[in-house]
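Derivation of every value follows stated rules applied to the coordinates shown; laboratory data play no part. Computed from a predicted structure; not experimentally measured. Cβ coordinates were reconstructed from backbone atoms using ideal geometry, including for glycine residues, and neighbour counts include every protein chain displayed.
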Amino acid sequence: MNSRAPLRWDIFCRVIDNFGDIGVTWRLARQLAAEYGRIVRLWVDDLSRLHALCPGADATKAWQVVDGVEVFQMSEESGFERPADAVIEAFGCGLPENYVAAMATRGVKPRWIILEYLSAEPWVREHHGRPSPHPKLNIARTFFFPGFVEGTGGLLREADLLKRREAFDAQAMRNKQAFWQRMNLPAPRPDALCVSLFAYPHAPVQALLEAIACGATPVVAVIPEGPVARQARDGFGASRDRLEVRYVPFVSQTEYDALLWACDINFVRGEDSFVRAQWAARPFVWHIYPQAENAHVAKLNAFLDCYGAMLPPPAAQAVRGLWGAWNVVAGAPPLDAAWAAFAAEREGQRLGLRRWVEALAGVGDLAGKLLQMR
């Protein structure tokens, strides 16, 4: 770590897609404080979303300290004390004008870092760490791009995350039973495939559940409360044929890791759960956030090219097929056939995931790389 790394950090987050933005910034804030001893303030405009991810956060308090992080309700009328030594503008959310004005008056200007969205596209390495001059003020800004390869900002990962997952797996039966007890549910039958399902509301949930129900393998589908759960209840119910559907509460970030570890296949969405699914080292399916003119398809394919290179060819083909069908990409196979092929190639995926996780860990963790920036 850079010994001259700033001590005081301000992180600004505007909640756009429910949980992805706040999920990333909350993990980052906690890690900077807990592992790197930084003094961190998190400014967020929607505390109710933070409360869902961290029940210890009070959505009614405009100021509070949670897990060693000062949390502030942000608005354009917010009053700001002296700006921090380093400022993170998460996902180009924009900083309040009065805060920027205060930054400009400091003799030693804060480091202004624009934390961008995660992408595997080749251009990311070219733009990571590049300056972004302010159009009016003499303040340097720097782009910071998370990524999957050397030359990028890496992924968020707590120092003990992989060891915690390995400890869970070492006593898998006991830890899975404990998880289900916390959910007030019995453990699934030993021969059942356990699948967690987290997606955006426009996902073809009904078609997927129908495809799973028609398969030969018994499956328990675990759906956190939210729009997808309501869609599944209305169109499918609780069980049919070889499929049992379980609805669980929307859980904290810590408990979500346990959910991923307790399942055999994980459907995830956006950015935060997408990254956690990779560290979980279980076969996973990404529901990518849709963008205008299908820009998200290029982003999806770029990741599949990178990740798929780590998988045996049949597994890589099965992954691309189901991811395409789940994201309704033109030319993708039918969802039922794609699901059957994906489920049949789980072992190949697990082998490739071990190599993939090792490679990701070698890139370095995002928080540590932020502190190394000059």
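What is the dipole size for the range 8-156, taken about its Cα centre, with +1 at each Lys and Arg Cβ and -1 at each Asp and Glu Cβ, in debye to the nearest 20?
On the way: 16 positive and 19 negative charges, 98 e Å.
Roughly 460 debye for the range 8-156.
As a test of the formula, what do you get for the chain when each DSSP H run with n ≥ 4 contributes -39,500 (n - 2.57) and the sum is divided by the residue count, at 222 nm and rounded to the nearest 500 deg cm²/dmol? It would help to have the intermediate numbers written out before the result.
On the way: 15 runs with 157 residues, N = 374.
Result for the chain: -12500 deg cm²/dmol, rounded to the nearest 500.
How compact and how long is the chain, expressed as Rg and Dmax of its alpha-carbon atoms in Å?
In order Rg, Dmax, the Cα atoms of the chain give 21.2, 69 Å.
Computed FRET efficiency, Cβ-Cβ of Arg233 and Ala187, R0 22 Å: what is it to the nearest 0.05?
Numbers: r = 23 Å, r/R0 = 1.03.
Rounded to the nearest 0.05, the efficiency is 0.45.
By how many nm would the segment from Asp67 to Ala298 grow when fully extended, if each residue of separation counts as 0.36 nm and the alpha-carbon distance is taken off?
On the way: separation 231, 0.36 × 231 = 83.16 nm, distance 3.76 nm.
Going from the current span to full extension adds 79.4 nm.
Using modelled backbone amide H atoms (1.01 Å from N, in-plane), which distant-in-sequence or interchain residues come within less than 5 Å of Ile16's amide H?
Those qualifying (amide H under 5 Å, at least 5 residues apart or on another chain) are Asp21, Ile22.
Report, in debye and to the nearest 20, how large the dipole of the chain comes out about its Cα centre when Lys and Arg carry +1 and Asp and Glu carry -1 on their Cβ. Walk me through the intermediate numbers first.
Details: 41 positive and 41 negative charges, 150 e Å.
Here the chain has a charge dipole of around 720 debye.
What is the spin-label model distance, in nm, from Thr60 to Ala101 if the labels are put 7 Å beyond Cα along the C-beta direction?
Computed distance between label sites Thr60 and Ala101 equals 3.4 nm.
Provide, for q = 0.12, 0.18, 0.19 Å⁻¹, the log10 of I(q)/I(0) from a solvent-free Debye sum over equal Cα point scatterers in the range 250-372.
With one equal scatterer per Cα and no solvent, log10 I(q)/I(0) is -0.46, -1.02, -1.12.
Apply the a/c threshold of 1.5 to the C-alpha gyration tensor of the range 8-156 and tell me whether it is rounded, prolate or oblate. It would help to have the intermediate numbers written out before the result.
Values: a/c = 1.70, a/b = 1.15, b/c = 1.48.
Oblate.
DSSP beta bridges in the range 8-156, what fraction antiparallel, as a percent rounded to 5?
Numbers: 5 of 28 bridges.
Percentage antiparallel, nearest 5: 20.
Counting only C-alpha contacts under 8 Å and six or more residues apart, can you give the relative contact order of the range 8-156 as a whole percent?
Working: 280 pairs, mean separation 29.0, N = 149.
Normalised by residue count, the contact order of the range 8-156 is 19 percent.
Which entries of Lys176/Lys299; Lys61/Lys176; Lys299/Lys369 show an alpha-carbon separation above 25 angstrom in the structure shown?
On the way: Lys176/Lys299 34 Å; Lys61/Lys176 35 Å; Lys299/Lys369 23 Å.
Check vs 25 Å cut-off fails for Lys176/Lys299; Lys61/Lys176.
What list of ³J(HN,Hα) couplings, whole Hz, do you get for the range 286-293 from phi and the Karplus terms 6.51, -1.76, 1.60, once you set θ to phi - 60° and write x for glycine and proline?
9, 9, 7, 5, x, 10, 4, 6
In percent, what relative contact order does the chain have, based on Cα pairs under 8 Å that are 6 or more apart in sequence?
Working: 649 pairs, mean separation 58.7, N = 374.
16 percent.
Mean Kyte-Doolittle hydropathy of -0.5 or higher plus an axial Cα length of 27 Å or more: which whole DSSP H helices in the chain meet both? The partial results should precede the final answer.
Details: long enough: none.
Answer set is empty.
Fewest first, what order do His127, His287 take by the number of other Cβ atoms within 10 Å?
Working: His127 14, His287 23.
Placing the least packed residue first, the sequence is His127, His287.
If you take the charge dipole of the chain about its Cα centre, with +1 on Lys and Arg Cβ and -1 on Asp and Glu Cβ, which of Gly37, Ala298, Thr25 is farthest toward its positive end?
Of the candidates, Gly37 comes out farthest on the positive side.
If I take R0 = 41 Å and measure r between the Cβ atoms of His134 and Arg354 in this structure, what FRET efficiency does the formula 1/(1 + (r/R0)^6) give, to the nearest 0.05?
Details: r = 44 Å, r/R0 = 1.08.
After rounding, the FRET efficiency stands at 0.40.
Let's test the formula: R0 of 30 Å, r as the Cβ-Cβ distance of Asp305 and Gln372. What FRET efficiency results, to the nearest 0.05?
Details: r = 28 Å, r/R0 = 0.92.
The formula returns an efficiency of 0.60 here.
Once label points are set 7 Å from the Cα along Cα→Cβ at both Gln171 and Ile16, what is their separation, rounded to one decimal in nm?
About 4.2 nm, to one decimal.
Taking the number of other C-beta atoms within 10 Å as the exposure measure, put Trp43, Trp261, Trp180 in order starting with the fewest. Spell out each step's value before the answer.
On the way: Trp43 25, Trp261 22, Trp180 19.
Least to most surrounded, the residues fall as Trp180, Trp261, Trp43.
Just rank Cys54, Cys13, Cys194, fewest to most, by other beta-carbon atoms within 10 angstrom.
Fewest-to-most Cβ neighbours within 10 Å comes out as Cys54, Cys194, Cys13.
Apply the a/c threshold of 1.5 to the C-alpha gyration tensor of the range 161-357 and tell me whether it is rounded, prolate or oblate. Can you show the working numbers first?
Numbers: a/c = 1.44, a/b = 1.16, b/c = 1.24.
Verdict is rounded for the range 161-357.
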